[in-house]
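Everything on this sheet refers to the single structure shown next.
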Amino acid sequence: MKTGLYKMYLLVFCLLHFGLIAGVQAEDKKPDVPVEWTADGPYLLHQADGTVRMIVVKPNGELLDTLYSSLPDNYTFPVVSSDQQHRFDVTLHPEERPEWKTEQPDKIFVTSDPHGNLDCFISLLQGNRVIDENYHWNFGSNQLVIIGDVFDRGNDAIQIFWLIYQLEWEARQAGGRVDFLLGNHEPMVLMNDLRYTKPKYKQLAEKVGMKYADLLASSTELGKWLTTRNTIQVSGGNLFVHAGLSRDFLEQNLEIPFVNKQMSSGLYKNKAQRKEASPMIYFLFGSYGPIWYRGMVKQAEKYHPLASDTLNLILDCYQAERVIVGHTIFEDISTFYGQRVIAVNVDNAENREKGKGRGILIEKDCIYVVGDQGILRKLD
């Protein structure tokens, strides 16, 4: 009798024991749905056989992965922000490299480093009447310049790219122009360096069985567009570049169109591949290249600050009056070397909340600091 009770007790114990283990395992199992599954895309992948694969995450979190035999040239599709607060339409158009040097229009609106924050980006453009309430171009024959770094840190990087893509086309029809310049985060993501990328993008790539960078490969619609973006641009006396130009850069005696094409050719390569491709590409993507060098705005020795006379040589070489950069964050729009260098990168969300500078407006010989509600002050 005692032996029978003992065996029954042992059986019940084992069942409870393994049941509890199974329960813990069930609770610890990762859910199939991503943690931050919000609206994203679309990603348009042009296939080798002429078909087009469209991958999009709808606002309700549903993933659509559709293959089209082809798309019409003027194909139009909706883009929705991750928080569902913004929606606009985008129409496909031909990609071409913008002219690297143009005459200065009546107005140039300049901002940088939106880093996936679509709401901040739209707030600034609408508040300064660059776009209207329906997200359409409203700046006539004038110019909008975004100095790099749409990727990383935020949840709406792809939506910002599509908005810039669309505004570029609309501005062209109105006699104006939109220029997005490459920053350091564009090549980082395009070589699949995702250290600053939100989890939703990595999870999407895992869900469709691809590397995230492959969703933006040079054969995709946004990839083709990104490979034709410039790194350095000149408008009148204003030279725009993401980080800055170093003495080492000057000593290379490089022409800007050459730099722009070399940067495009190295956009999807990793560090080892750039080194193998050419010493020039390796240099341009390095610490003293135009998308990383901080010595125009940082004076600490580790940044290898630029001497004033070297800046004069750079301005003379490229026939510019000033250099306008992003990349390095400051509390407000900042100037260096007697306004010959202007830094426009700030904490966009914080400065929006505090009503501080978020960009500049160049009107002929006058430069103004602008916030989300227009001009704040003349640049000191």
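The values are calculated or read from the model by the stated rules, or taken from the named source; none is laboratory data. Nothing here was measured: the structure is a model prediction, and the numbers come from that model. Virtual Cβ from ideal backbone geometry, glycine too; neighbours counted across all protein chains shown. In case anyone asks, the SASA skips ligands and DNA or RNA and just uses the protein heavy atoms, side chains included. Shrake-Rupley method; radii C 1.70, N 1.55, O 1.52, S 1.80 Å.
Checking each residue in the range 107-122 for being closer than 22 Å to residue 324 by Cα and in a helix (DSSP H, G or I) picks out 120, 121, 122.
When residue 363 is tested against (1) touching a residue at least 40 places away in the same chain (Cβ under 8 Å); (2) buried (at least 17 other Cβ atoms within 10 Å of the Cβ), only condition (2) is not met. Residues that are assigned to a strand (DSSP E or B) and open to solvent by 80 Å² or more (accessible area, probe 1.4 Å) were ranked within the range 62-100; the one that is farthest from residue 207 (Cα to Cα) is 87. Sub-8 Å Cβ pairs linking a first residue in the range 339-356 that is over 21 Å from residue 291 (Cα atoms) and of a type outside the set (S, T, N, Q) to a second residue that is at pLDDT 95 or above and in a strand (DSSP E or B), at least 6 apart or interchain, are 352/371; 355/371; 355/376; 356/346; 356/371; 356/376, ordered by first then second residue.
If you go through the range 312-325 and pick out every residue that is open to solvent by less than 40 Å² (accessible area, probe 1.4 Å) and either closer than 11 Å to residue 245 by Cβ or without any contact (Cβ under 8 Å) to a residue 60 or more places away in the chain (or both), you end up with 6. If you check 347, 380 for being open to solvent by 10 Å² or more (accessible area, probe 1.4 Å) and under 26 Å from residue 150 (Cα atoms), only one passes: 347. Among residues of the range 199-227 that are free of Cβ contacts under 8 Å to residues at least 40 places away in the same chain and within 20 Å of residue 148 (Cβ to Cβ), those with a Cβ under 7 angstrom from a residue that is among the charged types (D, E, K, R) and surrounded by fewer than 17 Cβ atoms within 10 Å (Cβ to Cβ), sequence gap 6+ or separate chain, pair up as 212/202. Among the conditions (1) out of contact with any Ser or Thr (no Cβ under 9 Å at 6 or more places or on another chain); (2) in a loop (DSSP other than H, G, I, E, B); (3) open to solvent by 10 Å² or more (accessible area, probe 1.4 Å), the only one that residue 104 does not satisfy is (1).
Give me the residue from the range 168-177 that is outside any helix (DSSP H, G or I) and farther than 27 Å from residue 289 by Cα and, out of that set, least open to solvent (accessible area, probe 1.4 Å). Looking at residues that are outside any helix (DSSP H, G or I) and farther than 27 Å from residue 289 by Cα, I get 176.
May I ask you to verify whether residue 145 is in contact with an Asp or Glu (Cβ under 9 Å, 6 or more places away or on another chain), buried (at least 23 other Cβ atoms within 10 Å of the Cβ) and either modelled with pLDDT under 95 or outside any helix (DSSP H, G or I) (or both)? Yes; evaluated as a whole, the condition is true for this residue. Determine whether the range 79-99 contains at least one residue that is hydrophobic (A, V, I, L, M, F, W, C) and modelled with pLDDT under 95. Checked the range 79-99: no residue is hydrophobic (A, V, I, L, M, F, W, C) and modelled with pLDDT under 95. Of all the numbered requirements in (1) under 20 Å from residue 241 (Cα atoms); (2) part of a loop (DSSP other than H, G, I, E, B); (3) charged (D, E, K, R), residue 309 misses one, and that requirement is (2). Among the listed residues 126, 159, which satisfies the condition of being outside any loop (DSSP other than H, G, I, E, B) and open to solvent by less than 30 Å² (accessible area, probe 1.4 Å)? That would be 159, the only listed residue that is outside any loop (DSSP other than H, G, I, E, B) and open to solvent by less than 30 Å² (accessible area, probe 1.4 Å). Consider the range 37-61. How many of its residues are at positive phi and exposed (fewer than 14 other Cβ atoms within 10 Å of the Cβ)? Summing the residues that are at positive phi and exposed (fewer than 14 other Cβ atoms within 10 Å of the Cβ) in the range 37-61 gives 2. Of the residues 302, 356, the single one that is surrounded by 17 or more Cβ atoms within 10 Å (Cβ to Cβ) and not acidic (Asp, Glu) is 356. For the range 81-131, the candidate set comprises residues that are touching an Asp or Glu at 6+ places or on another chain (Cβ under 6 Å) and among the charged types (D, E, K, R); within that set, the residue that is farthest from residue 144 (Cα to Cα) is 113.
If only residues of the range 324-380 that are assigned to a loop (DSSP other than H, G, I, E, B), among the acidic types (Asp, Glu) and modelled with pLDDT of 95 or more are counted, the one that is nearest to residue 120 (Cα to Cα) is 372.
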